[in-house]
Structures are given as structure tokens and as C-alpha cells.
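Following: one structure in C-alpha cells, then a few remarks.
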Amino acid sequence: MALTVRHKGLVARAGIEISEARLRGRQSVRTTFRLPVHLIEVLGIIACQFGVKQKSLFDQMIDDDAALDEIAEWVSSYIPENIERRSKTYVLSKQSLLAFERVATERQISRDILVEISIRRLLPLLFAERERHSKRVKILGDMEQYLRQGHELLAKTVCLLGKDDPVYEMVSRMVRLGEEKVMSLTDIVAKGEILDKVGIERFSGGVINGGCV
């Protein structure tokens, strides 16, 4: 059945309202949480390592209401760490803030504790990245050894054939490519050096992953 002009207007208006609601939900707002200092560091480290804004991390932590409700289920068995805490102001989407506040109000729990548990769900990701960093460091050492062998081969080529021989250019290009890749991996490893400072023993409150403490 064809839509009347009135119906078309209602449909168009509904589309505008839905779009406006989504846009307003994505508006940035500032809010302050009181969190353990090392968990504040965790957010910064993960954001840096994966090249995302902390605002995006908050959105990912509560990508749907079910995820936040699941987190809230574990509050009763969660024992907060008796360590230094600090107030930290974050920029996050209005939608994320409202979700935190809704669940905190409905479950009658501290909003800060809800955020703290949400951040702890990122710890497995952080530890996995630290493990990858350790492997990258080892690979970098192997690549540097390989590059040293390349330089030795290049010097040997000069002695045996001279720089005018086409083989010299082949080996030289191979060495230059190796130097470029070593430099690239060195930059990646340098970026991940902060992961070496993340100690599992610092997280005595337990790692929450998929609803398990």
C-alpha cells in the first residue's frame, strides 16, 4: 500500500529523531571517577598501544547493556584493592556515561567500582600484548644478528668482486632492506617498552575475563 504524504512525513520525521538520538548519545561529556592509580595507567597504556582514544575504550567496554549488566553481576564477589586511588576526569560518550549511571542506580552499586571492574576486563588484552612485545624483542635480536651477517657478506662481496660487480648491488639492496625493517621493528619495540613495567603481581584484585574472576 502506497504511503500517503502524511505517512511519508511521519517516516521522515522518525528517521530524523532516530538520527538525532544517536548523535546525542555520541556527544562527548566529561566525568570524574576515583580509581586505583595502576588502572588509570592501564587505560593510558592500552590506548597508546592500540592507537585509540580512551573515549573509544569506554565505548568498547560497554558495547551493549548486556555487557554492563554482566559486569554488575560480579560486584558482590569483587574485593576492591586497598591501594592508592586518584580522581581522574575522562571524556566519554554521553551514551556510555548514561549506561554506567543506569546500572549503578538500578543495582545500587558504586559507579566507580563498576568502572573499575570494567577496566579490569581489559587486563587480559594488556597481558597478551605484553607477551607479544616480549616475542617482538626476541625477533628484533634475531633480525639484528641477521643484519650483521648481511654486512659481513657485503664486505666479503667487495673483497671478492668489487663494487662494480652486479652481485654487489644485489647484496647491497638486500642489506638496505634489512636495515629498513630493523629500524621499523625497533620503533615498534620502543613503543611497547612501557609494557615491561606492567606486572601481573600489581593486580591483586584478580583479572576479570568473560565473567570470571
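The values are calculated or read from the model by the stated rules, or taken from the named source; none is laboratory data. For clarity, every value in this text was computed on a predicted model and none was experimentally measured. Ideal geometry is used to build each Cβ from the backbone, glycine not excepted, and the neighbour counts take in all protein chains shown.
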### Task
Considering only region 153-164, state which residues are part of a helix (DSSP H, G or I) and over 25 Å from ASP187 (Cβ atoms).
LEU153, ALA155, LYS156, THR157, VAL158, CYS159, LEU160, LEU161
### Task
Mind counting the residues in region 41-76 that are at pLDDT below 85 and assigned to a loop (DSSP other than H, G, I, E, B)?
4
### Query
On the given criteria, is ARG86 at pLDDT 85 or above and exposed (fewer than 12 other Cβ atoms within 10 Å of the Cβ)?
yes
### So ILE46, is it within 20 Å of the chain's Cα centre (by Cα), over 17 Å from VAL29 (Cβ atoms) and surrounded by 15 or more Cβ atoms within 10 Å (Cβ to Cβ)
yes
### Message
I'd like to verify a number: residues in region 85-135 that are at negative phi and not in a helix (DSSP H, G or I), how many?
### Response
13
### Task
Quick one: count up the residues across region 114-141 that are more than 28 Å from SER77 (Cα to Cα) and of a type in the set (Ser, Thr, Tyr).
1
### Query
Of everything in region 15-40 that's among the basic types (Lys, Arg) and under 26 Å from GLU116 (Cα atoms), which residue is modelled with the lowest pLDDT?
ARG24
### Query
Quick check: is even one residue across region 108-115 within 18 Å of the chain's Cα centre (by Cα) and farther than 25 Å from ARG132 by Cα?
yes
### Query
What tally of residues in region 90-126 results from selecting those that are buried (at least 16 other Cβ atoms within 10 Å of the Cβ) and either touching a Ser or Thr at 6+ places or on another chain (Cβ under 6 Å) or of a type in the set (Phe, Trp, Tyr) (or both)?
3
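For (1) in a helix (DSSP H, G or I); (2) modelled with pLDDT under 95; (3) surrounded by 15 or more Cβ atoms within 10 Å (Cβ to Cβ); (4) basic (Lys, Arg), each residue gets a yes or a no:
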position: LEU140; (1), (2), (3), (4): yes, no, yes, no
position: TYR146; (1), (2), (3), (4): yes, no, no, no
position: GLU169; (1), (2), (3), (4): yes, no, no, no
position: LEU177; (1), (2), (3), (4): yes, no, no, no
position: LYS181; (1), (2), (3), (4): yes, no, no, yes
position: SER184; (1), (2), (3), (4): yes, no, no, no
position: VAL207; (1), (2), (3), (4): no, yes, yes, no
### Query
How about region 154-185: which of its residues are charged (D, E, K, R) and within 30 Å of the chain's Cα centre (by Cα)?
GLU179, GLU180, LYS181
